[in-house]
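Reading through the structure tokens given below for one structure.
No lab work stands behind these numbers, since they all come straight from the coordinates. Model, not experiment: these values are computed from the prediction. We place every Cβ from the backbone using ideal geometry, glycine too, and count neighbours over all the protein chains shown.
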Amino acid sequence: MTTARSNHEPALDPNASADDQDDSVADIMPEIDGAAGDDTGEMIVVNAGPENSTDAVPSPAPVFPKPTENCGPSSLGRSPPHDVYTNRLHNDVGQRVASPRKSSKNLHSSVSTNRLHNRPIGLCQKRGIFHYRRRVPADLLTIWNGCEVWRSLDTDSLKTALRRIHLVAAEVEARFEKVREDAGHTVDPTLIFSPGDGALAWMPSDTARPRSAVLEPPLIIRTIGDVYDRYIADPKHAWSKRTAIAHTTTRKWVVEAFGEATSLNEITREACREFVELLRNMPAHADKRFPKLPMREAVAAAKLSGEQRLINAANVNAYINRFGGVMNWAMNEGYIDRNPLKGLKLTDPVKKRDKRRPFSTGQLTRIFTAPLYVGCLDDERGYAVPGEQRPRRGRFWLPLLALFGGLRANEGAQLEVSDVQWIDNIPCLRIAEGWSQTGDEKRVKTGASERIVPIHDALVSFGFLAFVAAQRVHGETNLFPELPIGHLGYRSTGLSRWFARFLIGADAAGPLTCFHSFRHNFRDGLRESKVDRDIALLLGGWTTDGKGAAIADNYGSGYSASTLAEALNTVRYPTLDLSHLKVGDN
């Protein structure tokens, strides 16, 4: 678009010197102050000249008219404040300028410019947080670490970022000048601020840094304690009580190791390695054995006493994962640029499949021939004392549900009477999270844990459906109401502790075996029966391998109850005699 000169604007003299023309430019530069232009990105071309001109003869110094056809002068003789026009923002006089719209052609004696955008140069967003980004000047590349400087503005609000960016930009420029001064380069003293100036009091006064040095911290400094508290308070963390307690313990140890008032940016890779080493030397159950000792003192006390029972690699990695989660969260919030804890997890010498083992046939025989299953005094304190009673409640049924249905301890302990359902004439157990009818929270380990498990024919022969019917007649809501909720919100807490004592009393205890070992027996039973892998994973509530399998599982309506029941009932334990548990024989 070729624009006509406004009547109220003085023309620039084509024969004037560059300094004179600069003065003319200065006359219109106040128009830029405070004007950001609209966000349309419209390009305004001033005095573009013939579009297809091929004349190679140098043009005289251009006359810069003031626009425009589509924007008339105001009452003060100026253009409206939202439209910013300039004749020398980008190019020297006489320089050929490529049209932004037609970059393949140069235009003689013309200057073009964009309207200034609402966002200042250097303002950008990183993971939702606004930052100031500045390229390091070429003369500092050899003495500055990196080619760009990033500073977090510590906000996701554009309005707030627009207010803060000017101070940050000034600080960065002042830092550049200070480095130039320390390196002996020519500097502009007006750009250098000293700590006494107040606005830049935080700026370090050290000399130019080698390329291997660490960049300065972001503008807003956060302490470890502050960031950890912000992380824990983040509403997106829907943690169980157990997980919340684990994070609280991790925070306590992190604060003891690094110091609560320590800036998050001061945590180095070396300091993180020292923290991991402290974790490796922490005695097991330190909170109970050394409840009043800080982390370092507990480690020293354990070494002094010759303690050999230390936290295993899996638990060390759990602490590292939780602390690493905080650091990743801090990166997303713009508090730090990198996670110094990344990659410091330990190699676990124990393979995952070797952490627990299935019960042997001998162990299973001793378990199901204990007084609880053949006659005891009662199923509370007298469960290990031979007697005439054969109570069939939670302690009796849950090991059998785990062996023939693959249920985890808490999955079975939190069952309600309404979770026993008939689907396509197949009796099934519904495993799901949510809230019980009594207002208690029901939890599952993973999303794959929510499932339908048909009731095994063996359990029916042992009288399980009759037990459920009796609970329904008595108006019970919970299938095993005698099992209390533990301090962490799980009904399995007390059950697991009781079962450990039960194994000892039944002479069935062994290395790496516990209640969870029933699930290992169940998985072996599925293998021996050659049950399809997809069905086996579904019955046990195990997660699938790989993203492809996980995506495929979202298609279709799944297996029918009859298909699942057919597969489940192929699981047998031929070397285990449980005939004495059948209702008909009792």
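In sequence order, what are the phi-derived ³J(HN,Hα) couplings for segment 122-129 according to the Karplus relation 6.51 cos²θ - 1.76 cosθ + 1.60 with θ = phi - 60°, rounded to whole Hz, with x for glycine and proline?
Rounded to whole hertz, the list is x, 7, 8, 10, 9, 6, x, 9.
Work the Kirkwood hydrodynamic radius out for segment 408-503: mean of 1/r over every pair of different alpha-carbon atoms, inverted, in Å. Numbers along the way, then the final one.
Values: mean 1/r = 0.0703 Å⁻¹.
Taking the inverse mean of 1/r over all distinct Cα pairs, segment 408-503 comes out at 14.2 Å.
By average Cβ neighbour count within 10 Å, what is the ranking of 180-190, 241-251 from highest down? Working shown, then result.
Numbers: 180-190: 12.5, 241-251: 15.2.
For the peptides 180-190, 241-251, the packing ranking is 241-251, 180-190.
Taking 8 Å as the Cα distance limit and 6 or more residues as the minimum spacing, I'd like the relative contact order of segment 361-585 as a percentage.
On the way: 302 pairs, mean separation 58.0, N = 225.
Relative contact order of segment 361-585: 26 percent.
Can you compute the FRET efficiency between THR570 and LEU488 using 1/(1 + (r/R0)^6), with r the Cβ-Cβ distance and R0 = 30 Å? Round to the nearest 0.05.
On the way: r = 36 Å, r/R0 = 1.21.
The calculated FRET efficiency here is 0.25.
Take CYS124 and ILE423, extend 7 Å from each Cα along the Cα→Cβ direction, and tell me the distance between the two endpoints in nm.
5.0 nm
With point charges of +1 on the Cβ of Lys and Arg and -1 on the Cβ of Asp and Glu, referenced to the Cα centre of segment 225-310, which listed residue (TYR228, ALA246, VAL299) lies farthest in the positive direction of the dipole?
ALA246
Which value, in debye to the nearest 20, gives the size of the charge dipole of segment 370-427 about its Cα centre, when Lys and Arg are +1 and Asp and Glu are -1 at the Cβ? Could the numbers behind the result be given before it?
On the way: 6 positive and 8 negative charges, 42 e Å.
Taking the Cα centre of segment 370-427 as origin, the dipole is about 200 debye.
Out of ALA261, ALA284, TYR319, whose Cα points farthest toward the positive end of the dipole of segment 258-334 (charges: +1 Lys, Arg; -1 Asp, Glu; placed on Cβ)?
The Cα lying farthest towards the positive end belongs to ALA284.
Compute the Cα gyration tensor for segment 123-197, then decide on rounded, prolate or oblate, letting a ≥ b ≥ c be the square roots of its eigenvalues: rounded whenever a/c is under 1.5, prolate when a/b is larger than b/c in the other cases, and oblate in all that remain.
Values: a/c = 3.24, a/b = 1.64, b/c = 1.97.
Oblate shape, in that a/c is at least 1.5 and b/c is the bigger or equal ratio.
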